[in-house]
Structure formats: structure tokens, C-alpha cells
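Working notes, beginning with the structure itself.
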């Protein structure tokens, strides 16, 4: 009996040590996958506890379908998050044969959005760009002029109609409002090729990798992680949302904020910490 007891204790010690050594296999003996969302939600709540402002968060494991939300239906100012439905609608129209991505647009003086991010506002009127190039600039640089030109070309009404057809019930293009859950719907429908062809989906998603703004979700993630995401900034708001891909696993994360005051850096670091914790959570349970 004593020998059996010793063997059991020894085995448990080896298992516990093995969970913390990368050279040894990890075990899920004490971890129920059904409890992952609730456990991860509690850990996320602990990260944002005491932070300035309000947080709207939605997470999904795109492999298992498990999700959790924290104020995920609360409406926030979208800021540059609205560039995703603009470009998604452009690609949807291309699939329907209503517009061509290679169509050339001539930059006019009245097109210039002389604020925020992007390079087009520094260009001279008369320059020409394809709609595909404008889409890339709108997502990779968060170029306000590029997004403005595309939105005018395809109309705000068409964009709103498209996103409503996709089930985004709390997103308003005219009011510049959205929710973490609506962003989940948009990104996953795009990722599932519901908006455009598989080739164009890959192209559009590529515009959201290695962007000019990588100081939130991607900031603290390990090498080999790919993030397809879009950020948003406004007075009192810092956002990021997108798909995280690592070792064949895919996750969605949206973090929207409001009323952060002068805590922009703290908020960015908090978003990075949430994303980092998610990947560490799952890596420990592989």
C-alpha cells in the first residue's frame, strides 16, 4: 500500500513539474476544456480591474467555437475600426461584379483628410491610385484619406446595408459606432470567405498584418504569431481587434475602450497584456 502511495505521489510531482518545462510534454489532467472560457474571462477581468475607462471585450477560439464576452454589446465610438467594414464592403462589391479593384482614382484636393495617420494627405492632388492600393493604405497605414475616398466611391449607404445583411446590428457608419461582438461577426465572416473570394480574403487580411500600428494586440506575443488586426484611436478611445494565429490555432480578440482620459499608454499595454495572457493560457494547456 505504501509503495502504491509513493508511486502515485511521484507521478503527480512529475506531471506538475512537466507542465512548467518546455522540454517535457504538458498534461491536461487538472484542466477541463469546457471551463476554459470562464477561467479566461476571470483572468481578463483581473487584468482590466482598476484600469481607467470602460472596456468592451469579445474573445473566440475559432477552432473550438468557445467564446466569452465582457460588455461585448456595449456601443463604443468606432474611430478607425470603421475602415474594416468600408474595405470589406469594397471587396464584397468586387465579388458581385459591381466594381473593379484595379479601377484608378485621381486624388482631388477636397479628398484630403488632413489629420491623423496615413501618407496620402502629403501627396499632391492629381495623383492616381487603384482602389486596391487605397484599400491597402486604409488598413495597413490606417490612412484616413484612402478610407474617405473608398467610402465616397461605394457610398456610406451601401456599406451600412452590407454590414446589416451580415448581422451587425449595433454598428453605424454614419454615427461611427460599433461593438466588440459586431467586430467578431465581421472578422469571422470575412475569414470564412463569406464576403469575397478565398484569394481576395487572403489579400485583404494581409493588409492587416505588420501594420504601422503594432503596439497593442501583437506587441507582446511570441515569435511566429501572426495577427490580422485593425486599431482605432479617438479622444478617450483606444481599440484593437483581429485574428491571432499561432501554431495552427486561430483566435479572435476585440478590445474596445472609452473614457480612458490621458491613460493611452496604460490602455495599449493592457490590451497587449490581455492578448499575451490568452496565448499563454492555451500554450500551457496544449
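The values are calculated or read from the model by the stated rules, or taken from the named source; none is laboratory data. Here the structure is a predicted model, which means the values were calculated and not measured. Reconstructed Cβ throughout: ideal geometry from the backbone, glycine too, with neighbour counts over all protein chains shown.
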Test for residue 92: is it surrounded by 14 or more Cβ atoms within 10 Å (Cβ to Cβ), in contact with a strand residue (DSSP E or B) (Cβ under 9 Å, 6 or more places away or on another chain) and within 30 Å of residue 152 (Cβ to Cβ): no
Pick from region 185-199 the residues that are touching a strand residue (DSSP E or B) at 6+ places or on another chain (Cβ under 8 Å) and surrounded by fewer than 21 Cβ atoms within 10 Å (Cβ to Cβ): which of them is nearest to residue 59 (Cα to Cα)? 188
Those residues of region 206-219 which are without any contact (Cβ under 8 Å) to a residue 60 or more places away in the chain and touching a helix residue (DSSP H, G or I) at 6+ places or on another chain (Cβ under 7 Å), in sequence order: 215, 216, 217, 219
Specify which of the listed residues (182, 72, 143) is buried (at least 24 other Cβ atoms within 10 Å of the Cβ), at pLDDT 95 or above and farther than 19 Å from residue 203 by Cβ. 182
Could you identify the single residue in 83, 41 that is at pLDDT 95 or above, surrounded by fewer than 17 Cβ atoms within 10 Å (Cβ to Cβ) and either in contact with a helix residue (DSSP H, G or I) (Cβ under 7 Å, 6 or more places away or on another chain) or within 21 Å of residue 243 (Cα to Cα) (or both)? 41
Of the numbered conditions (1) surrounded by 11 or more Cβ atoms within 10 Å (Cβ to Cβ); (2) under 21 Å from residue 276 (Cα atoms); (3) modelled with pLDDT of 80 or more, residue 50 satisfies every one except a single condition; which is it? (1)
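Checking the structure you have, find out if any residue of region 146-155 is crowded, with 18+ Cβ neighbours inside 10 Å and without any contact (Cβ under 8 Å) to a residue 40 or more places away in the chain.
Applying the first criterion (crowded, with 18+ Cβ neighbours inside 10 Å) to region 146-155 yields 146-151, 154.
Remaining after also requiring without any contact (Cβ under 8 Å) to a residue 40 or more places away in the chain: 146, 148.
The answer is yes, given that some residue of region 146-155 is crowded, with 18+ Cβ neighbours inside 10 Å and without any contact (Cβ under 8 Å) to a residue 40 or more places away in the chain.
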